[in-house]
1. Cβ-Cβ below 8 Å, separation at least six or inter-chain, first residue in segment 1-15 and free of Cβ contacts under 8 Å to residues at least 40 places away in the same chain, second surrounded by 13 or more Cβ atoms within 10 Å (Cβ to Cβ) and outside any helix (DSSP H, G or I): which pairs?
2. Given the criteria among the charged types (D, E, K, R) and either surrounded by 13 or more Cβ atoms within 10 Å (Cβ to Cβ) or touching a residue at least 60 places away in the same chain (Cβ under 8 Å) (or both), does Arg40 qualify?
3. Filtering segment 56-76 down to residues that are assigned to a loop (DSSP other than H, G, I, E, B) and out of contact with any helix residue (DSSP H, G or I) (no Cβ under 9 Å at 6 or more places or on another chain), which residue is nearest to Val86 (Cα to Cα)?
4. Between a first residue in segment 16-28 that is part of a helix (DSSP H, G or I) and a second residue that is of a type in the set (Phe, Trp, Tyr), which pairs have beta carbons less than 8 Å apart while being 6 or more apart in sequence or on different chains?
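Every number in this text was worked out from the coordinates using simple rules, so none of it is lab data. What you see is a predicted model, and the numbers here were worked out from it, not measured in a lab. As a convention, Cβ positions derive from the backbone with ideal geometry for all residues, glycine included, and neighbour counts pool all protein chains shown.
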Amino acid sequence: MRVSRDKVNKVAHVLTDALADMNEVEFIEDRNTIRLEVRRILEELLNQEEKIDQASRHKIDNQKHTILEGTQEWNILYRKYYNEEVKKLGF
């Protein structure tokens with residue numbers, strides 16, 4: 001799923017603010033450094049998700065017969081291949 005840079009920044013801000021409000025969490029870096037690291041991690045995860053999605057779709061496209069997106073068969077195969085790709089990454 002494509003998420004704009006602005007939305008990733010917003011999520012990073014919200015998450016950093018939520019962490020700062022927790023008594024159990026103490027920042028050893030300034031808040032902006034934490035926010036930038038959160039944003040980097042989110043972008044990395046979103047990029048991995050995009051690669052997993054593309055690999056899953058590619059496997060479906062390479063089936064012997066055409067499988068239309070949105071059909072039950074396509075959805076089942078997508079979930080199967082998506083989970084296989086996630087397992088390859090060790091998640």
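1. none
2. No.
3. Asn62
4. Note: pairs meeting the criteria are Leu19/Phe27; Ala20/Phe27.
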